[in-house]
Amino acid sequence: MTILVTGATGRVGRHVVEQLVQRGADVRVLTRDPTKAAFPASVEVVQGDLLDITALRIAMTGIRTLFLLNAVTGDEFTQAIITLNVAREAGVDRVVYLSVFEADRAVNVPHFAVKFGAERMLQAMDFNATILRPSYFIDNEVMIKDVILQHGVYPMPIGAKGVAMVDARDIAEVAAIELIRRDAAPGKMPIETINLVGPDTLTGVDLAAIWTDVLGRLVTYGGDDPSGFEANMASFMPKWMAYEMRLMAERYVSDGMIPAEGDRERLTTLLGRPLHTYREVATVLASA
């Protein structure tokens, strides 16, 4: 059957669509701007967003499997809960949900707490679901690359415990595998949670050292104080969101994002290949 993908024009969603098409799946996307949906002709496009009830109902007609990705916004929780309610109403009971690593622990970080709330709804309402919990996206480094390249400083407060940053391509491929597995299953499957992590757990100092190697000149770690990071983020995003990024960074410093035993092995087995590395992405960003 057709699989519905939300967030299909973003860093993860576009790769999910590509992976599904490569695997021969019928794909429908929901997007507020179809002009950004440069997908193959086989992909059906529905215009709308996650608060557009009419568009949601149209998008969910005749499907049973949903990839739910909703961006960090002020109404993210409302979007998630509305979407899951409309899905339930439409008989869509197979869901792959993009949550966040340790969503249940970082309760003071808004988008972590929101995603844990959606996880609870999936469980309490007995959806047939895979919950994907990615760590910080390597791809998000595009937001700080100018500081690195122009000032020789790695500005994000990562701390000394380490974060196993994950590539969006790995996230998307796991999502596609799970979507097809859920969609093809003859009956109900138990809820599963998969931690999505990268191959290396890197500290702030480690990340500066990688950039030093990639650029051939010294890059230093900016330290654990989040004030400068928040100010930099606030220069190109809403101040509430910059503050949220600060809260997230503070959790990196205090707790890190450290994979559980077996997380990496599970992913490499599922993908049948090695995970993409931070150094790969840094090299591409530097060359661009």
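The values are calculated or read from the model by the stated rules, or taken from the named source; none is laboratory data. Computed from a predicted model, the values in this text were never measured in an experiment. Ideal geometry is used to build each Cβ from the backbone, glycine not excepted, and the neighbour counts take in all protein chains shown.
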**OP:** Would you check which residues across segment 214-236 are under 15 Å from GLU141 (Cβ atoms) and not aromatic (Phe, Trp, Tyr) and list them?
**Re:** VAL214, LEU215, VAL219, GLY222, ASN232, MET233
Original post:
hydrophobic (A, V, I, L, M, F, W, C), closer than 30 Å to ASP26 by Cβ and without any contact (Cβ under 8 Å) to a residue 60 or more places away in the chain: does that describe ALA176?
Top reply: no
Original post:
How many residues are within 17 Å of VAL16 (Cα to Cα) and either among the aliphatic types (A, V, I, L, M) or over 22 Å from the mean Cα position of the chain (by Cα) (or both) if we restrict to segment 30-52?
Top reply: 10
Subject >> Single match in ILE144, ILE177, ILE131, ILE138 (criterion: within 24 Å of GLY272 (Cβ to Cβ), touching a helix residue (DSSP H, G or I) at 6+ places or on another chain (Cβ under 9 Å), surrounded by fewer than 20 Cβ atoms within 10 Å (Cβ to Cβ) and among the aliphatic types (A, V, I, L, M)) >> reply: ILE177
**OP:** Using the structure shown, decide if ILE3 is in contact with a Leu (Cβ under 7 Å, 6 or more places away or on another chain), among the aliphatic types (A, V, I, L, M) and closer than 25 Å to LEU196 by Cα.
**Re:** yes
Original post:
Looking at LEU122, is it at pLDDT 95 or above, in a helix (DSSP H, G or I) and under 23 Å from ALA8 (Cα atoms)?
Top reply: yes
Original post:
Which residues, taken from segment 84-109, are small (Gly, Ala, Ser), under 21 Å from VAL5 (Cα atoms) and crowded, with 21+ Cβ neighbours inside 10 Å?
Top reply: ALA87, SER99
**OP:** Please state which one of VAL86, VAL147, VAL72 is assigned to a helix (DSSP H, G or I) and modelled with pLDDT under 95.
**Re:** VAL147
Original post:
Given the structure, is ASP213 in a helix (DSSP H, G or I), modelled with pLDDT of 95 or more and of a type in the set (D, E, K, R)?
Top reply: yes
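Considering only residues that are more than 13 Å from the chain's Cα centre (by Cα) and among the aromatic types (Phe, Trp, Tyr), which ones fall in segment 104-146? Spell out how you get there, then give the answer.
Restricting attention to segment 104-146, the residues satisfying the condition of being more than 13 Å from the chain's Cα centre (by Cα) are 104-110, 113-114, 116-130, 141-146.
Across segment 104-146, the qualifying residues are PHE116, PHE127.
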Original post:
Within segment 126-144, how many residues turn out to be at pLDDT below 95, of a type outside the set (Asp, Glu) and in a loop (DSSP other than H, G, I, E, B)?
Top reply: 1
**OP:** State whether one or more residues within segment 239-254 are outside any helix (DSSP H, G or I) and within 20 Å of the chain's Cα centre (by Cα).
**Re:** no
Original post:
Name the pairs whose Cβ atoms lie under 8 Å apart, with the first residue in segment 42-56 and more than 14 Å from LEU4 (Cβ to Cβ), the second of a type in the set (Val, Ile, Thr) and in a strand (DSSP E or B), and 6 or more positions between them or separate chains?
Top reply: SER42/VAL27
**OP:** Please enumerate the residues belonging to segment 93-118 that are touching a residue at least 40 places away in the same chain (Cβ under 8 Å) and out of contact with any helix residue (DSSP H, G or I) (no Cβ under 8 Å at 6 or more places or on another chain).
**Re:** PHE101
Subject >> Scope segment 195-238; condition aliphatic (A, V, I, L, M) and in contact with a strand residue (DSSP E or B) (Cβ under 7 Å, 6 or more places away or on another chain); matching residues >> reply: LEU196, VAL197, LEU202, VAL205, LEU207, ALA208, VAL219
Original post:
Quick check, is TYR154 touching a residue at least 12 places away in the same chain (Cβ under 8 Å), touching a Phe, Trp or Tyr at 6+ places or on another chain (Cβ under 6 Å) and among the aromatic types (Phe, Trp, Tyr)?
Top reply: yes
